[in-house]
Amino acid sequence: GMMALSDCAPGVILLHVLCAQKKLLQLQYQAAQEHLVETLAVLPFAEECLQPQAQPRWPISTFDVHSNYVRFYRAISYYFQTAELIEDLLWQPSRTCMDDADCQGMLDHVCSMRLHRCVHMQEGCPKNAEVCPPAERCTSVKSFSDSCALEISPVCINNGEIQAFHPNKACLAGLEVPTMIKACSEMGTTLYPLQWCSTSYHQTFRDFGGAAAAEEAFILPVTLRLRSPWHMLHSLVPAFAQARMDESYGFNPGGDFDLLIVDQDLDKDRHIWGKVFGAEASNKSMGGLDFLLQLISNRPYKMLA
């Protein structure tokens, strides 16, 4: 089989990539996807060999395997499988790097020292544009071991939207600076926009006439507006554990922080739940069980979206 054709995991990945491209050209989308799934299965055994500093350097990277599969899966899930899709489904490699010399031959590309990948440098943008300039406060996004929990600081809530800060906002495209953030619950994973503001953090607060001291907030996605005890447990038990029982999340153990609620129903199955639970709750209330939110934060909750 495929494993017998190569002596190492990166070689097996390359073979599956090549086979996937062949199947695509034959318009065999399901077979192509099966080969790409195999690249994901083999990847844990190959990651050390695919690091930018590894020698010899392979013409693929961990980023390539993940990004190409996600792009492929989304396309065949959302669109009809026609020949017009081929150009968008073919493998799109990146180039790993340790310095700018590794990006020679790629017009207007430099080596991002954070990503260790050649990235396009837009005209008028500084190299490593994502690096926060001295004396500025830029928003950072930190992931916890729980992939659905993020620490984002500093941010503002403006008209119900989460606003982040970076003076080089126009230069951040392609640098894996998130423009969407994940909210996870029993409804699945939903993406919400993270708006980047080119006005500096300090200027924004001056424009608002000097805002109050910075506060800490827990942004919590909640399902079915806490009208069902069963769905309420799915929303609140993990949140309670994070806020009151796990110090690694950094919350005030006494519950002295803001609680911002995101309604994650997004109209999914609302025609069913409306019949089960009765009339829709007020847009300003999470329903009859909302008093349980006091277990998470001592402050009154607010609706974010």
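Using the Karplus curve 6.51 cos²θ - 1.76 cosθ + 1.60 with θ = phi - 60°, work out ³J(HN,Hα) for each residue of segment 19-33 in order, rounded to whole Hz, and write x for Gly and Pro.
After applying 6.51 cos²θ - 1.76 cosθ + 1.60, I find 5, 4, 5, 4, 5, 4, 5, 8, 6, 9, 5, 5, 5, 5, 5 Hz.
Using only alpha-carbon positions, what ratio does the radius of gyration of segment 55-131 give when scaled by 2.2 N^0.38 Å?
Here the answer is 1.32, to two decimals.
Enumerate the amide H contacts of PHE144 below 5 Å, restricted to partners 5 or more residues apart or on another chain; note that Pro and chain-start residues carry no placed amide H.
ALA149, GLU151
Give me a comma-separated list of calculated 3J(HN,Hα) values for segment 52-63, in order, Karplus coefficients 6.51, -1.76, 1.60 applied at θ = phi - 60°, integers in Hz, x for any Gly or Pro.
Values, residue by residue: x, 7, 5, 10, x, 8, 7, x, 9, 9, 4, 4 Hz.
Among TYR73, GLN104, CYS118, pick out the residue whose Cα is farthest towards the positive end of the charge dipole of segment 67-140, where Lys and Arg carry +1 and Asp and Glu carry -1 on C-beta, about the Cα centre.
TYR73
Between the alpha-carbon centers of segment 217-250 and segment 83-115, tell me the distance in whole angstrom.
Taking the Cα centre of segment 83-115 as reference, the centre of segment 217-250 is 40 Å away.
For a test of the definition: using alpha carbon positions, the gyration tensor, and the 1.5 limit on a/c, classify segment 1-136 as rounded, prolate or oblate.
Oblate is the answer for segment 1-136, as a/c is 1.5 or above yet b/c matches or exceeds a/b.
Relative contact order of segment 1-123, please, whole-number percent, based on alpha carbon pairs below 8 angstrom and at least 6 residues apart.
19 percent
Starting from the amide H of VAL262, placed 1.01 Å from N in the peptide plane, find each other amide H under 5 Å away whose residue is 5 or more places distant or on another chain.
Placed amide hydrogens put LEU220, VAL222, LEU304 under 5 Å from VAL262.
How large is the dipole of segment 1-105 about the Cα centre if only Lys and Arg carry +1 and Asp and Glu carry -1, each at its Cβ, rounded to the nearest 20 debye?
Value, rounded to 20: 280 debye.
Residues with amide H under 5 Å of ARG299's amide H, sequence separation 5 or more or different chain, H placed in the peptide plane at 1.01 Å from N; which?
Distant-sequence amide H within range of ARG299: PHE257.
Quick one: how many Å² of THR204 are accessible to a 1.4 Å probe, rounded to 10?
10 Å²
Taking a 1.4 Å probe, which of TYR192, TYR78 shows the most accessible area, and what order do the others take after it?
Most to least solvent-accessible, the answer reads TYR78, TYR192.
Take the cross-link list LYS142/LYS169; LYS22/LYS169; LYS23/LYS169; LYS23/LYS142 and give me the ones stretching past 30 Å between alpha-carbons.
LYS22/LYS169; LYS23/LYS169; LYS23/LYS142
The values are calculated or read from the model by the stated rules, or taken from the named source; none is laboratory data. This is a predicted model, so every value here is computed, not measured. Ideal geometry is used to build each Cβ from the backbone, glycine not excepted, and the neighbour counts take in all protein chains shown. To get the accessible areas, we keep the full protein, side chains included, count just its heavy atoms, and leave off ligands, DNA and RNA. Shrake-Rupley method; radii C 1.70, N 1.55, O 1.52, S 1.80 Å.
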